[in-house]
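Have a look at the structure below, then the notes.
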Amino acid sequence: MISLSGAELAVALLERQHVRIIAGIPGGANLPLYDALSRSSCIRHILTRHEQGAGFLTQGMARVTGAPAVCFATSGPGATNVLTAIADAKLDSVPLICVTGQVPRSLMGTDAFQEVDTYGMSIPLTKHNYLVRSARELLTVIPEAFSIAASGRPGPVLIDVPRDVQLERVGFAQWPEPGEVDPAPVAYDADIEAAAGMINAAKRPVLWVGGGAVAAGTQDRIKQLAETASMPVALTLMGLAAMDRDHPLCLGMLGMHAERGTNMVLEACDLILAAGVRFDDRATGRVQEFCPQAKIIHVDIDHSEIDKIRTASLGILADIRAVFDALLPRVTANPRGEWLEYIAALKRAFPPLAPTSGGHDTPQRLIRRVGELAPPDAVVVTDVGKHQMWTAQSYPFTRRTSWLTSGGLGTMGFGLPTAIGASMAAPTRKVVCFSGDGSLLMNIQEMATAAEQQADVTVVLFNNNCLGLVHQQQELFFNANCFSSTYSIEVDFPGIARAFGWHVRDLADASDPDAVLSEAMAHKGPSLVHVPVAREERVLPMVPPGAANRTMIEEVANV
Ligand SMILES: Cc1ncc(C[n+]2csc(CCOP(=O)(O)OP(=O)(O)O)c2C)c(N)n1
């Protein structure tokens with residue numbers, strides 16, 4: 001008979017799930033868990049400076065590996081602080097497992113010290129959540145949580161464990177099996193046949209892929225399918241690393257800040273093979289006017305996505321990789337010369353605004369240059385704002401890039417802790433984080449965590465001393481009434497980073513910016529590259545929110 005406390009059991013079950021790093025912050029309600037964790041011989045704890053930082057650091061690990069990763073938070077403020085990272089994981093389908101402490105069962109519902117209804121608050125933000133009522137329940141809850149987080153469409157799971165449950169002793173004869181990924185649904189052969197027939201018959205097909213296709217590991221198959229059928233590939237924000245940016249059939253990103261030609265190609269296509277996309281409004285624009293001439297084949301592992309926004313001509317519920325494997329031998333090679341010529345003409349009429357070579361005179365060219373200096377398998381992270389869209393438009397993504405951005409929730413503050421987590425999970429890979437001054441300040445305390453861990457993270461900070469993307473929207477859509485989007489003091493970011501023990505380089509006074517950038521990129525350990533940027537640097541084109549994707553604003557007069 002094995003006899004353990006609930007806390008010891010929880011830690012042992014996490015070890016059996018091959019968890020090797022947990023990020024978090026201790027407090028009264030999870031101290032038994034921390035006490036048990038201190039005796040683990042294989043799990044390392046990363047003490048962040050804020051629970052939101054712990055949540056995003058954990059997301060960084062989960063996003064880079066595709067496997068569930070775990071964070072801890074205490075009850076009350078610990079739990080409320082981590083909720084943003086959980087919501088973010090839900091919208092971007094990230095297998096985050098959050099274990100929170102709760103007040104003892106006898107105090108629940110009494111407004112006890114640091115009591116909030118973590119279970120209730122997390123229902124709409126998680127894929128699944130648990131309130132554990134006895135230590136014995138942990139034997140089923142923890143393996144099940146790992147299985148749910150990683151199976152089908154991945155997502156966050158929260159496990160709330162009252163303090164007295166952590167202390168309760170439990171005896172059991174046998175360890176449960178670790179939670180595994182459930183088998184994915186399999187497509188009907190008739191649907192694969194029908195999809196292949198539709199692709200073969202199409203004159204102007206487009207392959208449209210998103211985060212789901214990347215999560216399914218379909219990068220090589222996307223290239224094969226595109227090349228066989230001469231089917232150009234449009235990418236959502238989350239799908240940007242699904243194809244080499246410089247491949248001739250890669251159309252880049254569609255939607256609000258697309259390549260202009262890409263949105264026009266989608267206007268003209270007669271078939272879309274949409275794989276692992278969720279028809280998000282930032283991608284489709286006014287959805288009634290999205291791809292007006294196209295039939296839609298929608299492939300997704302989550303049945304709730306099919307027909308959710310646009311009714312598909314053919315919906316296929318299955319693992320995208322298996323679907324592409326089944327499709328490839330049935331798709332006939334076709335040069336589609338007329339279609340590719342039409343696309344080339346569109347590209348000539350609407351030349352890409354993204355640079356094709358790196359430089360230092362604009363943020364976009366600098367991003368391209370950083371990409372040239374980084375290895376092809378770099379982990380590229382962003383915060384949220386103009387810098388995020390510039391990166392999406394200009395970074396030379398390859399099929400080996402890991403691209404970590406807050407696509408669904410659009411959470412400022414995502415970048416730094418996520419980048420630290422990515423470097424913890426992939427210590428041999430280069431991690432670059434493009435950030436803005438507004439975003440960086442939202443989780444800047446995690447610079448201390450990065451210094452402590454000697455995380456190999458290069459943060460490229462585009463400092464325009466304003467909330468740039470909001471400022472741009474006010475310029476465009478609120479008669480340039482730029483209220484509350486500029487700062488009246490200039491924060492000394494290089495000074496702050498130095499105080500946290502970071503390596504710092506400033507392009508403000510660099511006589512040879514390329515040498516400075518190259519040296520910063522070669523540095524091992526946390527490093528900041530400070531890049532002053534004019535407020536007038538805009539993200540263009542821009543489709544006004546709610547408008548059709550063909551309605552692109554291409555220039556703005558300075559105000
Ligand atoms: C937590 C959070 N609050 C508010 C917003 C709304 N918002 C979107 S972009 C943005 C400005 C971002 O500024 P900065 O990080 O400096 O980047 P820039 O746009 O200047 O590149 C704001 C406030 C958000 N996305 N996330």
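Selection within the stretch 426-441: residues that are crowded, with 24+ Cβ neighbours inside 10 Å and of a type outside the set (Val, Ile, Thr). The member of this set that is farthest from GLY385 (Cα to Cα) is CYS433.
Under the condition of being within 16 Å of the ligand (Cβ to nearest atom) and open to solvent by less than 10 Å² (accessible area, probe 1.4 Å), the residues counted in the stretch 365-379 number 3.
Take the stretch 1-21 and flag every residue that is of a type in the set (A, V, I, L, M) and in contact with a Phe, Trp or Tyr (Cβ under 6 Å, 6 or more places away or on another chain).
Listed by number, the list holds a single entry, ILE2.
No other residue among VAL94, VAL99 is outside any strand (DSSP E or B) and hydrophobic (A, V, I, L, M, F, W, C) apart from VAL94.
Filtering the stretch 486-528 to residues that are in a loop (DSSP other than H, G, I, E, B), within 25 Å of LEU373 (Cα to Cα) and open to solvent by 20 Å² or more (accessible area, probe 1.4 Å) leaves GLY501, LEU507, ALA508, ASP509, ALA510, SER511, ASP512, HIS523, LYS524. GLU475 meets each of the listed conditions (1) closer than 21 Å to GLY55 by Cβ; (2) open to solvent by 10 Å² or more (accessible area, probe 1.4 Å) apart from (1). In the stretch 126-138, the qualifying residues are those that are surrounded by fewer than 22 Cβ atoms within 10 Å (Cβ to Cβ) and over 31 Å from the mean Cα position of the chain (by Cα), and the one that is nearest to ARG105 (Cα to Cα) is ARG133. Report yes if ASP92 is open to solvent by 10 Å² or more (accessible area, probe 1.4 Å), of a type in the set (Asp, Glu) and under 20 Å from the mean Cα position of the chain (by Cα), otherwise no. Spelling it out, ASP92 is indeed open to solvent by 10 Å² or more (accessible area, probe 1.4 Å), of a type in the set (Asp, Glu) and under 20 Å from the mean Cα position of the chain (by Cα).
The residues on offer are MET389, MET412, and the sole one that is open to solvent by less than 30 Å² (accessible area, probe 1.4 Å), more than 20 Å from LEU507 (Cα to Cα), outside any strand (DSSP E or B) and within 16 Å of the ligand (Cβ to nearest atom) is MET389. Among the residues making up the stretch 323-336, those that are surrounded by fewer than 19 Cβ atoms within 10 Å (Cβ to Cβ) and either of a type in the set (A, V, I, L, M) or touching a residue at least 12 places away in the same chain (Cβ under 8 Å) (or both) are ASP325, LEU328, ARG330, THR332, ALA333, ASN334, PRO335, ARG336.
Quick one: which residue in ALA480, ALA508, ALA520 is in contact (Cβ under 8 Å) with a residue 12 or more places away in the chain, more than 16 Å from the ligand (Cβ to nearest atom) and within 30 Å of PRO544 (Cβ to Cβ)? Just a single option satisfies the conditions, and that option is ALA480. Only one entry of THR362, THR382 meets the criterion of being buried (at least 20 other Cβ atoms within 10 Å of the Cβ), among the hydroxyl-bearing types (Ser, Thr, Tyr) and within 16 Å of the ligand (Cβ to nearest atom), and that entry is THR382.
Scanning the stretch 443-459 for residues that are open to solvent by less than 10 Å² (accessible area, probe 1.4 Å) and near the ligand (Cβ under 8 Å from one of its atoms) turns up nothing. Consider the stretch 267-306. How many of its residues are farther than 23 Å from ALA215 by Cβ, aliphatic (A, V, I, L, M) and not in a strand (DSSP E or B)? Residues flagged as farther than 23 Å from ALA215 by Cβ, aliphatic (A, V, I, L, M) and not in a strand (DSSP E or B) within the stretch 267-306 amount to 3.
Please pick out the residue among ILE159, ILE192 that is within 22 Å of VAL19 (Cβ to Cβ), open to solvent by less than 10 Å² (accessible area, probe 1.4 Å), within 30 Å of the chain's Cα centre (by Cα) and not aromatic (Phe, Trp, Tyr). Just a single option satisfies the conditions, and that option is ILE159. Look at VAL70 and say whether it is modelled with pLDDT of 95 or more, touching a strand residue (DSSP E or B) at 6+ places or on another chain (Cβ under 9 Å) and under 26 Å from VAL432 (Cβ atoms). Spelling it out, VAL70 is indeed modelled with pLDDT of 95 or more, touching a strand residue (DSSP E or B) at 6+ places or on another chain (Cβ under 9 Å) and under 26 Å from VAL432 (Cβ atoms). Just a yes or no: is a residue in the stretch 45-57 over 17 Å from THR118 (Cα atoms), in contact with a Cys (Cβ under 8 Å, 6 or more places away or on another chain) and of a type outside the set (Gly, Ala, Ser)? Yes, there is a match, as at least one residue in the stretch 45-57 is over 17 Å from THR118 (Cα atoms), in contact with a Cys (Cβ under 8 Å, 6 or more places away or on another chain) and of a type outside the set (Gly, Ala, Ser).
Pairs are defined by a Cβ separation below 7 Å, a sequence spacing of at least 6 or placement on different chains, a first member in the stretch 212-224 that is part of a loop (DSSP other than H, G, I, E, B), and a second member that is open to solvent by 40 Å² or more (accessible area, probe 1.4 Å); the pairs so defined are ALA216/ASP319; ALA216/ARG321; GLY217/ARG321; THR218/ARG321. I'd like to know if the stretch 240-249 contains one or more residues that are at positive phi and surrounded by fewer than 24 Cβ atoms within 10 Å (Cβ to Cβ). No, every residue in the stretch 240-249 fails to be at positive phi and surrounded by fewer than 24 Cβ atoms within 10 Å (Cβ to Cβ). Condition first: among the hydrophobic types (A, V, I, L, M, F, W, C) and within 12 Å of the ligand (Cβ to nearest atom). Now tell me which residues in the stretch 460-477 satisfy that. Result: VAL460, LEU461, PHE462, CYS466, LEU467, LEU469, VAL470.
Filtered by the rule that a residue be assigned to a loop (DSSP other than H, G, I, E, B) and among the β-branched types (Val, Ile, Thr), the stretch 423-446 gives THR428, ILE444.
With the condition kept exactly as written, say whether any residue in the stretch 171-182 is surrounded by 16 or more Cβ atoms within 10 Å (Cβ to Cβ), at pLDDT 95 or above and over 30 Å from ALA226 (Cβ atoms). Within the stretch 171-182, one or more residues are surrounded by 16 or more Cβ atoms within 10 Å (Cβ to Cβ), at pLDDT 95 or above and over 30 Å from ALA226 (Cβ atoms). Restricting attention to the stretch 399-409 and to residues that are part of a loop (DSSP other than H, G, I, E, B) and more than 16 Å from the ligand (Cβ to nearest atom), the residue that is surrounded by the most Cβ atoms within 10 Å (Cβ to Cβ) turns out to be THR401.
Among the conditions (1) in a loop (DSSP other than H, G, I, E, B); (2) within 26 Å of the chain's Cα centre (by Cα); (3) within 21 Å of THR382 (Cβ to Cβ); (4) modelled with pLDDT under 95, GLN473 misses just one, which is (1).
The values are calculated or read from the model by the stated rules, or taken from the named source; none is laboratory data. Since the model is a prediction, treat every value here as computed from it, not as a measurement. Neighbour counts are summed over all protein chains in view; Cβ atoms, including those assigned to glycine, are modelled from backbone coordinates with ideal geometry. The accessibility values were calculated without ligands, DNA or RNA, using every heavy atom of the protein model including side chains. Shrake-Rupley method; radii C 1.70, N 1.55, O 1.52, S 1.80 Å.
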